[in-house]
Amino acid sequence: DDATCDERIRAAKAALGSRCAILGHHYQRDEVFAHADYTGDSLKLSKLAANSDAEYIVFCGVHFMAEVADILSRPDQQVILPDMAAGCSMADMANLRNVERAWRELSEVLEPDEQVTPVTYINSAADLKAFCGRHGGIVCTSSNARGVLDWSFSRREKVLFFPDQHLGRNTGHDMGIPLDEMVVWDFSKPMGGLTADEIRGARIILWKGFCSVHQMFHPNHIHKFREEHPEGRVISHPENAFEVCQASDVVGSTETILRHVRASEPGTHWLVGTELNLVNRLHHEMADKGVKVQFMSPVVCMCSTMFRTDPQHLAWVLDNLVEGEVVNRIQVPADEAREAKATLDLMLEITA
Ligand code: 13P
Ligand code: SF4
């Protein structure tokens, strides 16, 4: 049961000491999050993994995050994902085969390697980061997308942004790019379902991917909240649809959401458009400070893959480490890791 697991986790952590670091994303459930040595958004966790001295990095998050930790850590460090089935449905919406096909199809209309910077959201497989490395591209996270796109446009006139169309569109709009200069590439159709003129006229070509959790939030949730609470404030993650972000007062990564809400005056009432575990924790934390935190959707929407990491899996991988066994290691093939590391290092350098 949970209490026994809790005990096992504590005992294993004590036995391993500084040899093991547990990283936890903000969407992790409370019973797991409580054991994290470090917590953060994707950018912060990447930096923590790059700077960690621990022999074992146990990543309580999803698969692409553990891959990034493996790529950025030293070869003598090992990264562990407690449940191998913890993926990200958005990351799965782009794969090397369909991105390479898009690149080939674009070359019928443009010179992609001269005109288009491929930008992958960190929520993507390592081979897509490596693809960006081979084609003069880069990686971004929800907290540095603006800086990454500024860098991209200083080099080439267009961007192919994958897998999340919303982060791409919201960031492009922030930079003053008109909506009609951003087109959606539907990877299920030849030429992305676009005409040659549409491609030539676009500044940003957005991959048709999205987050299944954030697509549950609607502008109507915000309008209703504002009617009932005219003084209320609304904060959303940039994976939300354009209309949701436009109707919000603040848009930012999970770490930004936490920072803003924590800095607010007593009496503030927030409507928060991101994953439920983060919002519930923040709700309890801020209740003592007189700040009200409300989840944006009337229906429960959690990230089901983040939720896969449970205390049982965490206890199991830690018990094995104590026994000297590494289970569920995430190891990116060396060539892929080298190319992907170049793009991640570039991202960290230009947005430092
Ligand atoms: P953050 O980098 O903002 O934590 O976002 C990660 C994520 O998967 C959001 O859905
Ligand atoms: Fe992926 Fe969405 Fe879950 Fe984030 S919340 S890990 S983008 S499915």
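The values are calculated or read from the model by the stated rules, or taken from the named source; none is laboratory data. Everything quoted here is computed from the prediction, not taken from an experiment. Please note: Cβ atoms are built from the backbone with ideal geometry, for glycine as well, and neighbour counts cover all protein chains shown.
Check 106, 43 and return the single one that is farther than 30 Å from residue 188 by Cβ and touching a residue at least 12 places away in the same chain (Cβ under 8 Å). Don't jump to the end; show me each part of the working.
Values: 106 fails: farther than 30 Å from residue 188 by Cβ.
Only one candidate qualifies: 43.
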Kindly provide the set of residues from the range 246-260 that are touching a helix residue (DSSP H, G or I) at 6+ places or on another chain (Cβ under 6 Å) and under 17 Å from residue 291 (Cβ atoms), ordered by number.
250
Please state which one of 279, 250, 291 is more than 20 Å from the chain's Cα centre (by Cα), farther than 25 Å from residue 56 by Cα and hydrophobic (A, V, I, L, M, F, W, C).
291
Quick check on the range 239-248. Is at least one of its residues in contact (Cβ under 8 Å) with a residue 12 or more places away in the chain, over 24 Å from residue 299 (Cβ atoms) and away from ligand 1 (no atom under 16 Å from the Cβ)?
no
Search the range 312-334 for residues that are on the phi > 0 side of the Ramachandran plot and pair each with any residue that is surrounded by fewer than 21 Cβ atoms within 10 Å (Cβ to Cβ) when their beta-carbon atoms are under 6 Å apart and the residues are at least 6 apart or on different chains.
328/84
With the checklist (1) more than 30 Å from residue 317 (Cβ to Cβ); (2) of a type outside the set (Lys, Arg); (3) in contact (Cβ under 8 Å) with a residue 24 or more places away in the chain in hand, flag the one item residue 87 doesn't pass.
(1)
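The rows are residues; the columns are (1) of a type in the set (D, E, K, R); (2) assigned to a loop (DSSP other than H, G, I, E, B); (3) farther than 20 Å from residue 328 by Cα.
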| position | (1), (2), (3) |
| --- | --- |
| 64 | no, no, no |
| 71 | no, no, no |
| 99 | no, no, yes |
| 124 | no, yes, no |
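Filter the range 253-305 down to residues that are part of a loop (DSSP other than H, G, I, E, B) and of a type in the set (Ser, Thr, Tyr) and give me whichever is nearest to residue 220 (Cα to Cα).
Quick first cut of the range 253-305, residues part of a loop (DSSP other than H, G, I, E, B) only: 253, 263-268, 274-275, 288-291, 296-305.
From the residues that got through so far, the ones that are of a type in the set (Ser, Thr, Tyr) too are 253, 264, 268, 274, 297, 304-305.
On the way: 253: 22, 264: 24, 268: 21, 274: 15, 297: 10, 304: 24, 305: 27 Å.
Among those that are part of a loop (DSSP other than H, G, I, E, B) and of a type in the set (Ser, Thr, Tyr), it is 297.
Return the residues of the range 258-279 that are within 16 Å of ligand 2 (Cβ to nearest atom) and either under 18 Å from residue 225 (Cα atoms) or among the acidic types (Asp, Glu) (or both); say none if nothing qualifies. Break it down into steps so the answer makes sense when it comes.
Taking the range 258-279 first, the residues within 16 Å of ligand 2 (Cβ to nearest atom) are 258, 272-279.
Passing the criteria: 272, 273, 274, 275, 276, 279.
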Could you count how many residues in the range 174-195 are part of a loop (DSSP other than H, G, I, E, B) and either more than 17 Å from residue 101 (Cα to Cα) or without any contact (Cβ under 8 Å) to a residue 60 or more places away in the chain (or both)?
9
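Residues of the range 306-352 being of a type in the set (S, T, N, Q) and either part of a loop (DSSP other than H, G, I, E, B) or surrounded by fewer than 21 Cβ atoms within 10 Å (Cβ to Cβ) (or both), which ones? Reasoning before the result, please.
Initial filter on the range 306-352 (of a type in the set (S, T, N, Q)): 309, 312, 320, 328, 331, 343, 351.
Passing the criteria: 309, 312, 320, 328, 331, 351.
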Just to be sure I understand, how many residues within the range 190-230 are more than 16 Å from ligand 1 (Cβ to nearest atom), within 25 Å of residue 160 (Cα to Cα) and surrounded by fewer than 20 Cβ atoms within 10 Å (Cβ to Cβ)?
11
Can you name the number of the only condition in (1) more than 15 Å from ligand 1 (Cβ to nearest atom); (2) at pLDDT below 95; (3) surrounded by fewer than 20 Cβ atoms within 10 Å (Cβ to Cβ) that residue 113 fails?
(2)
Regarding the range 50-57, can at least one residue be identified that is touching a strand residue (DSSP E or B) at 6+ places or on another chain (Cβ under 6 Å), under 26 Å from residue 164 (Cα atoms) and not assigned by TED's automatic domain parsing to the domain that holds residue 257?
no
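Looking only at the range 12-36, count how many residues are surrounded by fewer than 16 Cβ atoms within 10 Å (Cβ to Cβ) and either within 16 Å of ligand 2 (Cβ to nearest atom) or under 25 Å from residue 345 (Cβ atoms) (or both).
To start, the set of residues in the range 12-36 that are surrounded by fewer than 16 Cβ atoms within 10 Å (Cβ to Cβ) comprises 14-15, 17-19, 30, 34.
Narrowing further to those that are either within 16 Å of ligand 2 (Cβ to nearest atom) or under 25 Å from residue 345 (Cβ atoms) (or both): none.
Number satisfying all stated conditions: 0.
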Give me the residue from the range 165-189 that is more than 15 Å from ligand 2 (Cβ to nearest atom) and either within 17 Å of the chain's Cα centre (by Cα) or of a type in the set (Ser, Thr, Tyr) (or both) and, out of that set, surrounded by the most Cβ atoms within 10 Å (Cβ to Cβ).
171
Can you pull out every residue in the range 255-276 that is away from ligand 1 (no atom under 16 Å from the Cβ) and either over 24 Å from the mean Cα position of the chain (by Cα) or closer than 24 Å to residue 211 by Cβ (or both)?
264, 265, 266, 267, 268, 269, 270, 271
Looking only at residues in the range 140-157 that are closer than 23 Å to residue 241 by Cβ and not in a helix (DSSP H, G or I), which one is nearest to ligand 2 (Cβ to nearest atom)?
142
